[in-house]
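In what follows, a single structure is set out as structure tokens and then discussed.
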Amino acid sequence: MTSDQLFGSTVATWKALLETLIPEEGNLQSAAAVISIDELMGDLSALSSEAKFREFLRQLPEDFSLLDQSQRESNLRHAGLLLPECLNALLNAAYTIYYSHPDILRVIAERTGYSPTPPQPNGYALAPFDERMLYKSIQRAPMWRDPH
Amino acid sequence: MKSTCEFLVIGAGAAGSAAAWRLAQHGAQVTVLDQGGWVAPDSSPSLTIGWERARHRTHHPNPNIRKNSWDYPIDDSDSDISPMLYNAIGGSTIHWGAHFPRLKPEDFRVKSLDGVGEDWPLSYFDLEPYFEINDQMMGVAGHDGDPAYPRKPHRTMPALPLGRGAERIAAAYDRLNYHWWPVDAAIMTADHGDRLACNNCGPCDLGCPRKSRASTDVTYWSDIHASKIRLVTEARVSRILSTSGRVTGVTYFDAEGNAQEIQAENVVLAGNGVGTARLLLLSAADWCPTGLANSSDQVGRNLMFHPTALVTGIFPEPMDGFMGPFACSIYSQEFYESNTDRGFVRGFQAQTIRSDGPLGSALGTYTLPVAWGAGHHEDFYSQFGHTASITVTSEDLPESHNRVTLSPTLKDRFGIAAPKISYRVSENARKILDFGIEINRGVLKEAGATDIRVVDLVTSAGFHLLGTARMGSDPKTSVVNEFGQSHDCSNLYIVDGGVFVTVGALNPTSTIQAIALRAADSMVGAQILESAR
Ligand SMILES: Cc1cc2nc3c(=O)[nH]c(=O)nc-3n(C[C@H](O)[C@H](O)[C@H](O)COP(=O)(O)OP(=O)(O)OC[C@H]3O[C@@H](n4cnc5c(N)ncnc54)[C@H](O)[C@@H]3O)c2cc1C
Ligand code: SF4
């Protein structure tokens, strides 16, 4: 991708941004490993203005991608304070792509028992409503006001 | 040749569908125009792996994010809350949560009882027979005997199961001696015709392929009487035509973008609190230079949204909140009424909501997003599947500066001026929210939450679009009478949530539809039904 398509920045910087937001941990890959920069740029363009993003990226040091996680976090926090809508858009795009990725959903399923299949058509069992739970509420006096 | 009709209804959402159906049932000749088209229930993204992504992009409830061709943009840059709505046959019920409370008897008499707002020109009991017709048409699951209401007809379908989170919250309410009840939900819990019982899948806002969750495209529009209605889809009304004191028809853009005109003996507006106000303002003419039906200068004013805060408890055990209709489980009206010791008037509804899939949990759709950076995964796994939330839905009182106007710059794709929303949360509502947040922190703590997170104003919770064409007996201070009939044009009716005088703190759709049905009876001179009470 050209620098223009990258809002004046580099693939390395964008990868480092993703890595900063969602780092690798155990069998969970980092956002940089699962998100293609193409897809990220496409999503970001719909969420925020390119001009603002260029300004946002200018807040980061040139060697951003070479810094360690905590240094990158503090730089990103600083840029986010100046242009919060850009940090929010970046977060929104990164989370959206990351948490829609089949590999990530598979790991979440393994760890939590959550089913990674779509909600429909199977859904989940609809248990019967247990009216015994209302034992206390049914004892209450009427609690509406008759205006007449 | 321009076509002509007896009743021209603008908007096929919750209100317009109910009104058109009732008019057709009375044998009236009805044409309905909506800027949207049909949304097939089995086209719901909930059948696809990308369902959560769709929820945050193509199927977002905010038209400014979704931007589909049926939508119009809304300038909300001057508003604390962004309006959420959908434009289609079914209107915003295509996206809604189907929590189906009625306003309470006292909500119609706020001025007399609490000295604020205005009284309505009609009462809860005037609407009671129409609530009941509407309940039958929409299909309501619930449990009889809620002490927060006058007795309602027997609910033939059982209430939805609470789910783990709401069970914990209900038990906490019991220990704290607070009211709670399973909600009335416009959701089938038993099969009926082609509407199947809910299978607890979760994201009702993406549409329900089983047609369990009511939306007016699958309720009113599938009834036999609706087959007599002429429906024009993808028809964006640009102007209501009028001569002094009478409306004569409308102009609209059809699906191909061609300008069309249709004449009508009566026009019924059901475009919701934003769309209707926009259209009335767009329809200014020489005899009504500030907008149609606006001699009172109340069109667009008194916009009420129900400001909402969200209190989320994180529990050590799984709560499985991604299961079950997200908006429907239990509610509490313990703090609904005024208590002057609290330093504010009126109160709030506490509605328990379930949670989200992985993406919604990470983004914090209505809650706080998961932290980014080194602690990201830990924060994600502490929250995902482990939360239950309580919304604090605040009373919102009418204030004339909260309003819909026309944007001087923003236009829709046909070049029609977009609406602009100016809205600020009032001091009274802010106090209610703060009080409600503290109460519900206590509830969640009692329920066993080990961490509690608060969104003190959910800016994306502009679901209820109310008050911008209010009803009243005095033409100087209101836009329509109790039957939705314009004070200025006797053959123009408004039947959506714009006519609300005050809004209580409860979700409005059941009340909107009851008002629309009653108004339709009056339009054809039918006998107005009376409460059996
Ligand atoms: C995500 C979400 C969740 C919700 N959850 C709940 C809930 O749980 N309980 C509840 O009570 N309410 C809920 N609501 C609110 C509920 O959907 C609305 O109160 C209800 O649909 C309003 O009905 P209406 O007929 O006034 O407007 P709508 O249903 O919005 O219908 C208006 C129709 O008018 C059409 N229209 C407008 N302008 C024009 C024009 N110029 N030309 C042609 N057509 C036009 C639109 O296309 C639309 O179809 C929710 C809303 C959303 C968005
Ligand atoms: S939870 Fe039930 S009502 Fe909601 S979409 Fe799923 S099946 Fe339909």
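Taking strands (runs of 3 or more DSSP E) that do not extend beyond the stretch B:1-109, which have at least 2 residues that are touching a Pro at 6+ places or on another chain (Cβ under 8 Å)?
Where strands (runs of 3 or more DSSP E) fall fully within the stretch B:1-109 and carry at least 2 residues being touching a Pro at 6+ places or on another chain (Cβ under 8 Å), they are B:75-79.
Every condition in (1) within 15 Å of ligand 1 (Cβ to nearest atom); (2) open to solvent by less than 10 Å² (accessible area, probe 1.4 Å) is met by B:ALA255 except one, and the failing one is (2).
Among the listed residues B:PHE483, B:PHE500, B:PHE463, which satisfies the condition of being away from every other protein chain (no Cβ under 14 Å), open to solvent by 30 Å² or more (accessible area, probe 1.4 Å) and within 16 Å of ligand 1 (Cβ to nearest atom)?
Selected residue: B:PHE463, the only one of B:PHE483, B:PHE500, B:PHE463 that is away from every other protein chain (no Cβ under 14 Å), open to solvent by 30 Å² or more (accessible area, probe 1.4 Å) and within 16 Å of ligand 1 (Cβ to nearest atom).
Of the residues making up the stretch B:452-502, those that are in a strand (DSSP E or B) and in contact with a Leu (Cβ under 8 Å, 6 or more places away or on another chain) number 11.
The set of residues in the stretch B:144-171 being hydrophobic (A, V, I, L, M, F, W, C) and surrounded by 21 or more Cβ atoms within 10 Å (Cβ to Cβ) consists of B:ALA148, B:ALA159, B:LEU160, B:LEU162, B:ALA166, B:ILE169, B:ALA170. Just to verify a result, which residue in the stretch B:96-127, among those that are near ligand 1 (Cβ under 7 Å from one of its atoms) and surrounded by 24 or more Cβ atoms within 10 Å (Cβ to Cβ), is nearest to B:ARG151 (Cα to Cα)? My answer is B:PHE100. The set of residues in the stretch B:195-228 being of a type in the set (Val, Ile, Thr) and open to solvent by 20 Å² or more (accessible area, probe 1.4 Å) consists of B:ILE224 alone.
The criterion of being within 14 Å of ligand 1 (Cβ to nearest atom), open to solvent by 50 Å² or more (accessible area, probe 1.4 Å) and of a type outside the set (Phe, Trp, Tyr) holds for B:GLU234.
Considering only the stretch B:301-333, state which residues are more than 10 Å from every other protein chain (Cβ to nearest Cβ) and more than 16 Å from ligand 1 (Cβ to nearest atom). Selection gives B:ARG301, B:ALA309, B:VAL311, B:THR312, B:GLY313, B:ILE314, B:PHE315, B:PRO316, B:GLU317, B:MET319, B:GLY321. Restricting to the stretch B:178-193, name every residue that is open to solvent by less than 10 Å² (accessible area, probe 1.4 Å) and not in a loop (DSSP other than H, G, I, E, B). Selection gives B:TRP181, B:PRO182, B:ALA185, B:ILE187. Of all positions in the stretch A:17-35, none carries a residue that is more than 14 Å from chain B (Cβ to nearest Cβ) and more than 21 Å from B:PRO369 (Cβ to Cβ). Between B:ALA226, B:ALA214, the distinction of being of a type in the set (A, V, I, L, M), under 25 Å from B:ARG22 (Cα atoms) and more than 14 Å from ligand 1 (Cβ to nearest atom) belongs to B:ALA226 only.
Of everything listed in (1) small (Gly, Ala, Ser); (2) under 18 Å from the mean Cα position of the chain (by Cα); (3) more than 7 Å from ligand 1 (Cβ to nearest atom), the single unmet condition for B:GLY91 is (3).
For A:GLN120, are the conditions met, namely being crowded, with 20+ Cβ neighbours inside 10 Å and within 12 Å of chain B (Cβ to nearest Cβ)? Yes, satisfied. Does B:ASP174 satisfy the criteria of being charged (D, E, K, R) and in contact with a strand residue (DSSP E or B) (Cβ under 9 Å, 6 or more places away or on another chain)? Here the answer is no, as B:ASP174 does not meet what is asked. Within the stretch B:4-52, the set of residues being over 19 Å from the mean Cα position of the chain (by Cα) and among the β-branched types (Val, Ile, Thr) comprises B:THR4, B:VAL30, B:THR31, B:VAL32, B:THR48, B:ILE49. Considering only residues that are of a type in the set (Ser, Thr, Tyr) and either in contact with a His (Cβ under 6 Å, 6 or more places away or on another chain) or part of a loop (DSSP other than H, G, I, E, B) (or both), which ones fall in the stretch B:219-274? Selection gives B:THR219, B:THR233, B:SER244.
Annotation note: Cβ proximity below 6 Å between a residue of the stretch A:120-135 that is under 18 Å from B:GLY207 (Cβ atoms) and a residue that is more than 10 Å from ligand 2 (Cβ to nearest atom) (sequence gap 6+ or interchain) occurs for A:GLN120/B:LEU47.
A residue that is in contact with a His (Cβ under 9 Å, 6 or more places away or on another chain), buried (at least 20 other Cβ atoms within 10 Å of the Cβ) and within 11 Å of chain A (Cβ to nearest Cβ) cannot be found anywhere in the stretch B:73-87. Can you tell me how many residues in the stretch B:9-61 are within 16 Å of ligand 2 (Cβ to nearest atom) and farther than 18 Å from B:MET84 by Cα? Result for the stretch B:9-61: 10.
Once the stretch B:31-58 is narrowed to residues that are within 13 Å of chain A (Cβ to nearest Cβ) and open to solvent by 50 Å² or more (accessible area, probe 1.4 Å), the residue that is nearest to ligand 1 (Cβ to nearest atom) is B:THR58. Can we say B:ASP174 is more than 8 Å from chain A (Cβ to nearest Cβ), more than 22 Å from the chain's Cα centre (by Cα) and surrounded by fewer than 18 Cβ atoms within 10 Å (Cβ to Cβ)? No: the conditions fail for B:ASP174.
Of the residues that make up the stretch A:92-104, is at least one open to solvent by 50 Å² or more (accessible area, probe 1.4 Å), farther than 16 Å from B:TRP372 by Cβ and within 16 Å of ligand 2 (Cβ to nearest atom)? Looking through the stretch A:92-104, none of the residues is open to solvent by 50 Å² or more (accessible area, probe 1.4 Å), farther than 16 Å from B:TRP372 by Cβ and within 16 Å of ligand 2 (Cβ to nearest atom).
Across the stretch B:110-129, which residue is farthest from B:ASP205 (Cα to Cα) among those that are touching a helix residue (DSSP H, G or I) at 6+ places or on another chain (Cβ under 6 Å) and in a helix (DSSP H, G or I)? Top of the filtered list is B:LEU113. Residue selection: B:ILE133 satisfies the criterion of being more than 16 Å from ligand 2 (Cβ to nearest atom), away from chain A (no Cβ under 13 Å), in a helix (DSSP H, G or I) and among the β-branched types (Val, Ile, Thr).
The values are calculated or read from the model by the stated rules, or taken from the named source; none is laboratory data. Predicted model, so just to flag it, every value in this text is computed and none were measured. When we count neighbours, we look across all protein chains shown, and the Cβ atoms used for this are built from the backbone with ideal geometry, even at glycine. Accessible surface is based on the protein model in full, side chains and every heavy atom, while ligands, DNA and RNA are left aside. Shrake-Rupley method; radii C 1.70, N 1.55, O 1.52, S 1.80 Å.
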